[in-house]
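Scroll down for the structure; my scribbles are underneath it.
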Amino acid sequence: MTTVGSTTTARTASQAFPAGFVWGAATAAYQIEGAAHEDGRGPSIWDTFARRPGAVAGGDTGDVACDHYHRWREDIALMASLGLGAYRFSVSWPRVQPDGSGPVNPRGLDFYDRLVDGLLEAGITPYVTLYHWDLPQALEDAGGWTVRDTAYRFAEYAGVVHDRLADRADTWTTINEPWVASFLGYGAGVHAPGRTSADDAFRAAHHLMLAHGLAARRLREAGAERISLTLNLAPVLCPADAPGEADLAAVELVDSLLNRQFLDAALRGSYPDAVLERARRLGHVRDGDLAVIAQPIDSLGINYYNPTYVRAAPGAPENPAFPGSAGVAFPSVDLPTTAMGWPIAPDGLTELLLRLHRDHPGVPLVVTENGAAFDDVPGPDGRVADPARIGYLEGHLRAAHAALAAGVDLRGYLVWSLLDNFEWAEGYGKRFGIVYVDYADQRRLPKDSARWYAGVIARNGLEA
Ligand SMILES: OC[C@@H]1[C@@H](O)[C@H](O)[C@@H](O)c2nc(CNc3ccccc3)cn21
């Protein structure tokens, strides 16, 4: 303790979060639902991609996943036991429209009806994500996100879902992480649909953002008042003591492609130069598109996991997720890492939130994903001790609190993820959940981090 005059200053300031701060957890349809061939659901690009030999670790697929399609009541009870205020989930487009357009599958919509009703009965606010990467395969067969028409089909689908649920759900995210869906799906090819064309990645990114704008406009016309976009954002840092011009140019390029391509489009109606140059060559950006994309949103969702580190490296090959990055290295740094090999750097969250507060004032922010994978193993008593995850989450909540203390309008935090689930190209071997899933019998085992998080929610903050 330190004493100044007669006042004794607590060694650590209070870590109480604002009254009304939203505490929740997040998942996504393809990662948890299973029932991939049930009740009229059509195939998505992830159903197809997961069957491509070598595409997903262990040949895993989302056919069963966490069987949430059948176990949703149990999972809602689990959420309620933790005291969650909100639950972020995604709607499976091919469950609602098996061909991505045209006829609606009533049994598909019925599932989300049941889910939303169950959440409301449990006092949990539904945060509905309309697209979390599971494009109907029929639309991919017609060109997928590289063709403009898909954006218009998405807006129609968004209207169908909104019109069914809007009487009970009022918090809507159009697209989850357009950068991943475009640059990993169509550029690097390590995500569905597994295509490898830089030009197609830029076309897909633009059409995903156009889809966001068209859907946001459709929802606004229908009376929606809580519309957002969720982006995977990261501080782009050069780990050198004295970055040179080439290092700074590398930071600028990667920041433009990863962050500004989507932030500037959605919040300013513009693209950074690196994107405009490609757009001029490809001709896929039409007059008026950016005005549609910059539809007003009511908050910005931020998925933060770690910073991205870059430096100039003459001769380094281009990273296909970052077109034009020849001569740029993405070095490891001397920090602890998660089971994904991602560096643990909570200060990056504070830095990111402060940047958004500075560059885009007046936009309420929600951390819609933050979490970590670790190699969790249940003990003989069924307890799952995950101190590393508790450490990760505590560090990032302290980082979020520091941003709040600096005036950032942060409205909520949703941990990724409620459940261990299908971790895309990594399959089921990477566990992000605060609840362990035993896939052999679908048992759910709350990890120590779940109990810890329930305490954070109960006291609306961290212990000082
Ligand atoms: O990888 C963990 C989660 C993933 O399960 C979610 O579905 C997705 O929304 C999500 N986005 C990120 C952000 N970073 C990222 C990095 C490499 C590949 C994909 C995403 C992490 N995560």
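The values are calculated or read from the model by the stated rules, or taken from the named source; none is laboratory data. All of these numbers come straight from a predicted model, not from anything done at the bench. When we count neighbours, we look across all protein chains shown, and the Cβ atoms used for this are built from the backbone with ideal geometry, even at glycine. Heavy atoms of the whole protein, side chains included, go into the accessibility calculation; ligands, DNA and RNA do not. Shrake-Rupley method; radii C 1.70, N 1.55, O 1.52, S 1.80 Å.
Tabulated data
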read-out: Residue within the stretch 404-415 that is among the β-branched types (Val, Ile, Thr), in contact with a helix residue (DSSP H, G or I) (Cβ under 7 Å, 6 or more places away or on another chain), free of Cβ contacts under 8 Å to residues at least 60 places away in the same chain and away from the ligand (no atom under 16 Å from the Cβ) present; value: yes
read-out: Some residue of the stretch 49-67 being in contact with a Pro (Cβ under 9 Å, 6 or more places away or on another chain) and not in a helix (DSSP H, G or I); value: no
read-out: Which listed residue, of ASP298, ASP255, ASP289, ASP241, is more than 15 Å from the ligand (Cβ to nearest atom) and without any contact (Cβ under 8 Å) to a residue 12 or more places away in the chain; value: ASP241
read-out: Among (1) surrounded by 24 or more Cβ atoms within 10 Å (Cβ to Cβ); (2) on the phi > 0 side of the Ramachandran plot - the single one GLY189 does not satisfy; value: (1)
read-out: Residues located in the stretch 63-93, provided they are buried (at least 24 other Cβ atoms within 10 Å of the Cβ) and touching an Asp or Glu at 6+ places or on another chain (Cβ under 7 Å); value: ALA65, HIS68, SER92, TRP93
read-out: Some residue of the stretch 125-146 being over 20 Å from the mean Cα position of the chain (by Cα), β-branched (Val, Ile, Thr) and assigned to a helix (DSSP H, G or I); value: yes
read-out: Count - residues of the stretch 215-237 that are surrounded by 24 or more Cβ atoms within 10 Å (Cβ to Cβ) and in a helix (DSSP H, G or I); value: 3
read-out: Matching residues in the stretch 94-121 - criterion: being open to solvent by 10 Å² or more (accessible area, probe 1.4 Å), in contact with an Asp or Glu (Cβ under 7 Å, 6 or more places away or on another chain) and either at pLDDT below 95 or part of a helix (DSSP H, G or I) (or both); value: ARG107
read-out: Total residues in the stretch 24-49, condition in contact (Cβ under 8 Å) with a residue 40 or more places away in the chain and either open to solvent by 10 Å² or more (accessible area, probe 1.4 Å) or not hydroxyl-bearing (Ser, Thr, Tyr) (or both); value: 18
read-out: Output for the stretch 197-238, where each listed residue is within 16 Å of the ligand (Cβ to nearest atom) and polar (S, T, N, Q); value: SER228, THR230, ASN232
read-out: Subset of the stretch 130-156 (residues that are open to solvent by 10 Å² or more (accessible area, probe 1.4 Å) and within 16 Å of the ligand (Cβ to nearest atom)); value: TRP133
read-out: Inter-residue pairs, beta-carbon under 7 Å, first under 16 Å from VAL254 (Cα atoms) and in the stretch 174-191, second in a helix (DSSP H, G or I) and within 11 Å of the ligand (Cβ to nearest atom), 6+ apart; value: TRP179/LEU258
read-out: Scope the stretch 238-260; condition charged (D, E, K, R) and surrounded by 15 or more Cβ atoms within 10 Å (Cβ to Cβ); matching residues; value: ASP247, GLU252, ASP255, ARG260
read-out: Listing of helices (runs of 4 or more DSSP H) fully contained in the stretch 241-350 that carry 3 or more residues being touching a helix residue (DSSP H, G or I) at 6+ places or on another chain (Cβ under 8 Å); value: 261-268, 273-282, 289-293
